[in-house]
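*Asks:* Structure incoming, see below.
The values are calculated or read from the model by the stated rules, or taken from the named source; none is laboratory data. Fair warning: this is a prediction, and the values are worked out from it, not measured in the lab. Heads up, the Cβs are rebuilt from the backbone with ideal geometry, glycines too, and the neighbour counts pull from every protein chain shown. Heads up: the accessible areas ignore ligands, DNA and RNA and are worked out on the full protein's heavy atoms, side chains in. Shrake-Rupley method; radii C 1.70, N 1.55, O 1.52, S 1.80 Å.
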Amino acid sequence: MRIAVPNKGRLHDPAEDLLERAGLHIVDGADRQLYADTVDPDVTVLYARAADIPEYVADGAADVGITGLDQVREADPDNLEELLDLEFGSCRLVLAAPEDSEIQTVYDLDGGRIATEFPNVTRHYFAELDVEVDITEVSGATELTPHVDIADGIVDITSTGTTLRMNRLEIVDEVLQSSVRLFARADVADDEKVQQVRTALQSVLSAEGKRYLMMNVPQDALDEVKAVLPGMGGPTVMDIAGREDVAVHAVVDDSDVFETINDLKQVGASDVLVTEIERLVE
């Protein structure tokens, strides 16, 4: 099975890091290399431009892909299935116009000109609103086009809006919220190996922001300890050889650890150990 991964840019390192944390360690993944093996002999990584990955998967060059939802929607293949939101690379595709223009809503652009690097997404967006525009595809410097009389507005990616403000552009509407997703070709989405990869990646995401607590608890304080633990389901309770105390293990949110430890100490828990969780299979 081949997994298509961005070969460079802001999505490359987080994608590789996620695979590594999921146990799919990349072997000999040198720069400028097209393919790389993983420790799983049945899984190979294919490096490609983020924008090309949807087509690579749709055409069969890869079975699974990791790239932004915006790229998938722009490529618009009809045989891809989203498997998982990988929760990084968040951004927005927005409609923007010059601050000093009279454009306040999308309908003010009816009959106008739009510049964008995402013509397919833009076309679908305006079609759904029944607004007719002339779309010009550009390959960069989209923010400049309204100021050189190429367009009345733009559809472009933004994370913080800083670049738009620097170019005296104001957001009119949000076109799409995007983040990096794991997706597969529909005919292989349910294959065992594909689902194994999905589960491995999900286990890393599930572990983020979680901590594993271990402690010793007197038997007569067990009910009080259970009451203050905000973990996932009930805690695990185990006998300790040669002692009347029991060992209690629980998973809690990182944000709850400070307060929880104080509460546990007050009801009799001792020897509390807090550890990070690398993966959590639910």
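*Asks:* Could you order K8, K193 by accessible surface area, starting with the largest, using a probe radius of 1.4 Å?
*Replies:* Highest to lowest solvent-accessible surface, that is K8, K193.
*Asks:* Oh, and also: Considering only protein heavy atoms, what per residue accessible area in square angstrom results for region 190-282 with a 1.4 angstrom probe?
*Replies:* On the way: 5440 Å² over 93 residues.
About 58 Å² of surface per residue is accessible.
*Asks:* Heavy-atom accessible area of D78 with all protein chains present, probe 1.4 Å, nearest 10 Å²?
*Replies:* Rounded to the nearest 10, that gives 150 Å².
*Asks:* In square angstrom, rounded to the nearest 10, how much accessible surface does I26 have for a 1.4 Å probe?
*Replies:* 40
*Asks:* Identify all lysines with a Cα-Cα distance to K226 below 17 Å; exclude those on the same chain that are fewer than 8 residues away in sequence.
*Replies:* Qualifying lysines at Cα under 17 Å: K265.
*Asks:* A further question on this structure: Averaged per residue, what accessible surface does region 1-57 expose to a 1.4 Å probe, in Å²?
*Replies:* 53
*Asks:* Suppose we look only past 32 Å in the calculated P(r) of the chain. What percent of the Cα-Cα pairs does that tail hold?
*Replies:* Details: 18496 of 39621 pairs.
Roughly 47 percent, once rounded to a whole number.
*Asks:* Below 13 angstrom from the Cβ of E137, what's the summed charge of the other residues (Lys, Arg +1; Asp, Glu -1)? Each step should come with its number before you reach the end.
*Replies:* Working: positive: R113, R123; negative: E74, E117, D134, D156.
It works out to a net charge of -2.
*Asks:* How large a share of the accessible area of region 74-123, in percent, is made up of carbon and sulfur atoms when the probe is 1.4 Å and the other protein chains stay in place?
*Replies:* After summing per-atom areas, the C and S share lands at 37 percent.
*Asks:* Under 13 Å Cα-Cα from K193, which aspartates and glutamates qualify once same-chain neighbours fewer than 8 residues away are excluded?
*Replies:* Here the aspartates and glutamates satisfying the reach criterion relative to K193 are D40, D42, D63.
*Asks:* Just E81, E143, E99 to compare: in a GNM of the chain, with alpha carbon springs under 10 Å, which one fluctuates most?
*Replies:* E99
*Asks:* Net charge within 11 Å of D152 by Cβ-Cβ distance, Lys/Arg positive one each and Asp/Glu negative one each, not counting D152 itself?
*Replies:* Here the count lands on -4.
*Asks:* Heavy atoms only, 1.4 Å probe, whole protein assembly: order V148, V188 by accessible area, highest first.
*Replies:* Accessible-area ranking of V148, V188, largest first: V148, V188.
*Asks:* Under 9 Å from the Cβ of I26, count the other residues' Cβ atoms, weight Lys and Arg +1, Asp and Glu -1, and hand me the total.
*Replies:* -4
*Asks:* Tilt of helix 257-266 relative to the longest C-alpha principal axis of the chain, in degrees (0 to 90, nearest 10)?
*Replies:* Tilt relative to the chain: about 20 degrees.
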